[in-house]
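Enquirer: This is the structure, below, for whatever I ask next.
The values are calculated or read from the model by the stated rules, or taken from the named source; none is laboratory data. All of these numbers come straight from a predicted model, not from anything done at the bench. We place every Cβ from the backbone using ideal geometry, glycine too, and count neighbours over all the protein chains shown. For the accessible areas, the whole protein counts, side chains as well, though only heavy atoms, and no ligand, DNA or RNA atoms are used. Shrake-Rupley method; radii C 1.70, N 1.55, O 1.52, S 1.80 Å.
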Amino acid sequence: MQHLDLEVIESGIRWSRMGETLWLCTVLATYGSSPRAPGSLLVACRDGRHAGSLSGGCVEEDFLSRLGAGDFQAPLQVVRYGESSDDQQRLKLPCGGILEVLIERMEATPGTWQHLAALQEALHGQQRLIREVDLTTGEVDLQTEAPPGGSRDQERPRVERQGERVRIRIGPSLRLVIAGVSPVSVACAEFARTLGFEVVVCDPREEEIETFSVAGVERRPVLPSMYLAGEGCHASTAVVALTHDPRIDDLAMIEAVRTPAFYIGAMGSRQTSAARAERLLRSGGLSSEEVARIHMPIGLDIGSKTPAEIALSVMADIVRVYHGKPR
């Protein structure tokens, strides 16, 4: 859930600017079963305020309890959870799992704010960064990383360790751009937010966009094609057209195939999808290769009928493609 990372960093910036010392935690490695992957983040203050997740509950509770008791005074340390028999009984990590967590104490200084602001920009898609940490000296270095050549960010490991140096990749958060407001759009946005996506909904019909009431969603009263052409997408973006209105859906698809979005799809029956493909080839100016990028009909075939079922099939297909799994 990369959107959680953005919440972590933005909370850290806010608390640091209020003068609070921060503890930034990063999962370096997991052994056995673990609910969070390497690279997962959590930030906390001494008083227990926190954002993010390391394990889904038990490790966070232990960490926050120890933090409140005065532990973790070192500028940097690596802690392994679940390794001892006491940990296994007390923390209840699944299937004997072990977590290795980097814990960094960060004072409320302009340097901390600038460092976190750079991470925030990376998560918003402005650049890709490698955060390199020396586990011996505590020295931290940020390096700009070139976009992946023909592959997606998630195909590169988020954490790499060589001896006492750790390289942590910070890249764009998962984003879903929804072209057009419909009942399926609402359900899709709700699912996507639960899955950790940033969600942007575009529709030029002001009365429709004003009534779109899913919490945490960015609403844009513009044609989706204009949003895509003006701001574009990064490689962790999915674009879905869900209105059955060719004036909105077709234009969105024409712009979407010009971006590095990892998933592009349009809602409609097989007959509707075939007609759309023909229009995009004939009058949309797209090539056969560009049309082939569009998932039409959108989603997995699970016999969907209701808006919620269709949204479930769409989001399941997006997650499938993101993780590189065959259909």
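Enquirer: Every residue in the stretch 30-80 that is assigned to a strand (DSSP E or B), farther than 18 Å from GLU7 by Cβ and either open to solvent by less than 30 Å² (accessible area, probe 1.4 Å) or of a type in the set (A, V, I, L, M, F, W, C) (or both), please.
Expert: Passing the criteria: LEU76, VAL78, VAL79.
Enquirer: Please pick out the residue among ALA261, ALA215 that is touching a helix residue (DSSP H, G or I) at 6+ places or on another chain (Cβ under 9 Å), assigned to a loop (DSSP other than H, G, I, E, B) and open to solvent by 20 Å² or more (accessible area, probe 1.4 Å).
Expert: ALA215
Enquirer: Just give me the residues in the stretch 153-178 being touching a Ser or Thr at 6+ places or on another chain (Cβ under 7 Å) and either modelled with pLDDT of 95 or more or under 18 Å from GLU104 (Cβ atoms) (or both), in sequence order.
Expert: If the condition is that a residue be touching a Ser or Thr at 6+ places or on another chain (Cβ under 7 Å) and either modelled with pLDDT of 95 or more or under 18 Å from GLU104 (Cβ atoms) (or both), then GLU164, ILE168, VAL177, ILE178 are the ones that fit.
Enquirer: From the list SER55, SER11, exactly one residue is among the hydroxyl-bearing types (Ser, Thr, Tyr) and out of contact with any Lys or Arg (no Cβ under 7 Å at 6 or more places or on another chain). Which is it?
Expert: Only one candidate passes the filter, namely SER11.
Enquirer: Give all pairs with beta carbons closer than 7 Å in which a residue from the stretch 201-224 that is on the phi > 0 side of the Ramachandran plot meets a residue that is assigned to a helix (DSSP H, G or I) and open to solvent by less than 80 Å² (accessible area, probe 1.4 Å); count only pairs at least 6 apart in sequence or on separate chains.
Expert: Cβ pairs passing all conditions: GLY216/ARG193.
Here is a yes/no grid of residues against (1) within 25 Å of ARG220 (Cα to Cα); (2) open to solvent by less than 20 Å² (accessible area, probe 1.4 Å); (3) of a type in the set (Asp, Glu):
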| position | (1), (2), (3) |
| --- | --- |
| ALA256 | yes, yes, no |
| GLY268 | yes, yes, no |
| GLN271 | no, no, no |
| MET296 | yes, no, no |
| SER304 | no, no, no |
| ILE310 | yes, no, no |
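Enquirer: Let me ask something else about it. Within the stretch 185-197, is even one residue modelled with pLDDT under 90 and more than 24 Å from the chain's Cα centre (by Cα)?
Expert: no
Enquirer: Given the criteria part of a strand (DSSP E or B), of a type in the set (S, T, N, Q) and open to solvent by 60 Å² or more (accessible area, probe 1.4 Å), does THR144 qualify?
Expert: yes
Enquirer: Let me ask something additional. Evaluate the stretch 231-239: report whether one residue or more is at pLDDT 95 or above and either open to solvent by 60 Å² or more (accessible area, probe 1.4 Å) or of a type outside the set (Asp, Glu) (or both).
Expert: Looking through the stretch 231-239, at least one residue is at pLDDT 95 or above and either open to solvent by 60 Å² or more (accessible area, probe 1.4 Å) or of a type outside the set (Asp, Glu) (or both).
Enquirer: Is it the case that ALA275 is open to solvent by 20 Å² or more (accessible area, probe 1.4 Å) and closer than 19 Å to PHE197 by Cα?
Expert: Against the criterion (open to solvent by 20 Å² or more (accessible area, probe 1.4 Å) and closer than 19 Å to PHE197 by Cα), ALA275 does not qualify.
Enquirer: Another question, if that's okay. Within the stretch 195-202, is even one residue open to solvent by 10 Å² or more (accessible area, probe 1.4 Å), in contact with an Asp or Glu (Cβ under 8 Å, 6 or more places away or on another chain) and closer than 21 Å to GLY125 by Cβ?
Expert: Within the stretch 195-202, one or more residues are open to solvent by 10 Å² or more (accessible area, probe 1.4 Å), in contact with an Asp or Glu (Cβ under 8 Å, 6 or more places away or on another chain) and closer than 21 Å to GLY125 by Cβ.
Enquirer: Restricting to the stretch 81-110, and then to whatever is at pLDDT 70 or above, assigned to a loop (DSSP other than H, G, I, E, B) and over 16 Å from SER40 (Cβ atoms), can you tell me which residue is most open to solvent (accessible area, probe 1.4 Å)?
Expert: Among those residues, the one meeting the criterion is GLU83.
Enquirer: OK, next. I'm trying to understand the selection: among the residues of the stretch 278-288, which are surrounded by 14 or more Cβ atoms within 10 Å (Cβ to Cβ) and not in a helix (DSSP H, G or I)?
Expert: GLY284, LEU286
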